[in-house]
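Worksheet for the structure shown next.
Every read-out reported here was derived from the displayed coordinates using simple, explicitly stated rules and does not represent laboratory data. Fair warning: this is a prediction, and the values are worked out from it, not measured in the lab. Cβ: placed from backbone, ideal geometry, glycine included. Neighbour counts: every protein chain shown.
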There are 2 protein chains.
Amino acid sequence: MSPPDSSRPRSDKNGSERAEHLAGLIMALARREGMKAGDRLIEQRLADALDLSRAPIRLGLKALEAAGLARGEPHRGFVLAKNPTSIAAQPALAAVRRNEQVYATIAGDVLATRLPADVTEAELMRRYDVTRAELQRLLDRIAAEGWIARLPGYGWRFAETVSSPEAQAQAKAFRAVIEPAAIAQPGFALTQEVIIRLRERQQRVFEDEIEKMTIGEIFQSGCEFHEEIIRGAGNPFFLEALRRVNSIRRLFAYRSFADRDGMRRHVREHLRLLDVLETRRYTEAADLMARHLQRPLVAGLS
Amino acid sequence: MSPPDSSRPRSDKNGSERAEHLAGLIMALARREGMKAGDRLIEQRLADALDLSRAPIRLGLKALEAAGLARGEPHRGFVLAKNPTSIAAQPALAAVRRNEQVYATIAGDVLATRLPADVTEAELMRRYDVTRAELQRLLDRIAAEGWIARLPGYGWRFAETVSSPEAQAQAKAFRAVIEPAAIAQPGFALTQEVIIRLRERQQRVFEDEIEKMTIGEIFQSGCEFHEEIIRGAGNPFFLEALRRVNSIRRLFAYRSFADRDGMRRHVREHLRLLDVLETRRYTEAADLMARHLQRPLVAGLS
DNA sequence: GATTGTTCTTTTGTGCAACAATATACAATC
DNA sequence: GATTGTATATTGTTGCACAAAAGAACAATC
């Protein structure tokens, strides 16, 4: 119909989009693990932690070096050049992949119901100007996160879980059921190591990182905390259910504002919960969790 | 390595695999709806119910006619030729699609841990002798059901939810938490129509169909019952969580034997539950549900 | 007025071949 | 002994042309 519009260049000439992405993953990991400047970045260890092999890790490391965040000597591997900070604060890695942007745009459009519940791939390809392959990866990811599903014929349907305005309250109600229940499960237990690791991380956040973290990171850290706790039930169904809720809550998170004080209080509750869990008073812990989840707090943040 | 084995014929000459599949869907629907011989099969209505358009429905109807299960007059549409019975009992439609078999085989292999947790697509293609496209559809479906997930690099990883031997008990524990809790949610409500429809269906199963149904069908009917109930909470997170558990329980179901008496008792409990729900005694209903779910019963059947 | 028959358009799946990314194994180096 | 460097095999992705499936609109029939 319209003139054969010279479509957007197939692949922009930034050679190393993937590499920068990997670099970001590595930095995020280093951050979570509380690594400091000077710590070694051991390929195999990173590979294991990220469920990859050394080849892609190495790409990421080279990108980190190019960005000045790591230093490498031949045969001696790489070393962190700076204390890892928020990725968002690293302009050198700011080449957020195009797909991320499209993802975010779609998420925004769905949340604002600017998209119909049922859509076809072709529609989306036109609307967001992506290739079929790119779109399919996106859709697969979204499907895995549980907010879109294939229709039997053509097209996809967004889950009501996202499109509805009450979704946030519903997510909260759901968590208020499963999280305390998980803790109250007969076999519930957390190893000392896990508790220590969680406490360290929360403490770090509490003491000096809250100010430097983005909303997304704070949210992520909260999710990981709760998921680690619920994992203690030893029942993957609880964990998986929580993961799904969280992946949807993440969509809302970007809209919520940063209330650093509220967050501090929130993290303090996490620490308190850990204390109770450590002494194995699980009934009490379940109770505490229930109250923790009821607190109003920052919209959408727990 | 081995001689270039003349691979399996691309597409066996059964022209209408898809059509038979659609026919099966239509019969299953007719069955669920309690239709009888002589009832009209209205294209648009079927299309709406199956989330498809009339084109594929029509294919299915023609296949049904070819199989002698429906009769069609020009310009007068199709009519059920026989009371719809178990699809398994319809040899004419027995051309279960090859993919179903592969699916079942994979499921079996995973349950019996004959497969490693991490697999690559190429491995699976070789092992089950399917094309890439076929395999991808299967994997997508399995991923949607939640028991496999893509790894960041190559390959896929089966969820521990399936591979572990305690999965069944864990599914039960999880349901015992969410189902009663859903009923106990503040806004819980079921419309009279839903209750009536459910009661009808359960009654039908109870009175004369249990004997004729396959394990899979009985299981399916149970799932639908519970899902319909939980939907009353108006919170899609509960519903979705239950759906996921059920799609995994379905894998186990095929291994369990048929205890028709246990099932009768089971269905009777469903009917009792409906009575309580009808009078809006939700606390009591939640209780009843909790007990219903605790009952040992047939392995894997609730 | 509802339903079916027919036709046309749009959308999606498929197979292939070149290409890119990842994994693996082993040698080299600290 | 652990870690990095390198080479090679394996695996997955992309774009394209073509085939098949699904959807939509409207006429024909009951």
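Structure notes:
- Fully extending the segment from A:Glu17 to A:Gln101 would add 28.9 nm, taking 0.36 nm per residue of separation and subtracting the current Cα-Cα distance.
- Chain A, relative contact order in percent, only Cα pairs under 8 angstrom and at least six apart counted: 16 percent
- Beyond 20 Å, the tail of the calculated P(r) for the stretch B:163-302 holds 43 percent of the Cα pairs.
- Exercise: per-residue mean of other protein chain Cβ atoms within 10 Å, A:51-61: 1
- Gaussian network model of chain A, springs between alpha carbon atoms under 10 Å - residue of A:Arg137, A:Arg268, A:Arg18 with greatest fluctuation: A:Arg137
- The separation of the stretch B:125-145 from the stretch B:208-277, counted between C-alpha centres, amounts to 28 Å.
- Distance between the modelled labels on A:Arg126 and B:Arg231, one decimal in nanometres: 3.2 nm (7 Å Cα→Cβ projection).
- The stretch A:98-163 - Rg (one decimal) and Dmax (whole number), Cα, Å: 10.6, 29
- For chain A, the dipole from Cβ point charges (+1 on Lys and Arg, -1 on Asp and Glu) about the Cα centre works out to 340 debye, to the nearest 20.
- Shape of the stretch B:205-270, Cα gyration tensor, a/c cut at 1.5: oblate
- Sites A:Thr113 and A:Ala28 - FRET efficiency at Förster radius 45 Å, r taken between beta-carbons, to 0.05: 0.90
- Summed over qualifying helices (DSSP H, 4 residues or more, each -39500 (n - 2.57)) and divided by its residue number, the protein assembly as shown shows a 222 nm mean residue ellipticity of -18500 deg cm²/dmol.
- Contact order normalised by residue count of the stretch B:148-302, Cα under 8 Å, 6+ apart, percent: 36 percent
- The alpha-carbon of B:Lys212 sits under 25 angstrom from the alpha-carbons of these lysines, leaving out residues fewer than 8 places away in its chain: B:Lys36, B:Lys82.
- Cα shape, the stretch B:17-93, gyration tensor, a/c 1.5 rule: rounded
- The overall shape of chain B is oblate: from the C-alpha gyration tensor, with semi-axes ordered a ≥ b ≥ c, the ratio a/c is 1.5 or greater and a/b is no larger than b/c.
- Here A:Leu273, A:Leu111, B:Leu277 are placed in order of increasing Cβ neighbour count within 10 Å, fewest first, which gives A:Leu111, A:Leu273, B:Leu277.
- At 7 Å out from Cα toward Cβ: A:Arg114 inter-copy label distances (nm, ascending): 5.1
- Extent of the protein assembly as shown along its three principal axes (Cα atoms, max minus min coordinate, largest first): 78, 61, 52 Å.
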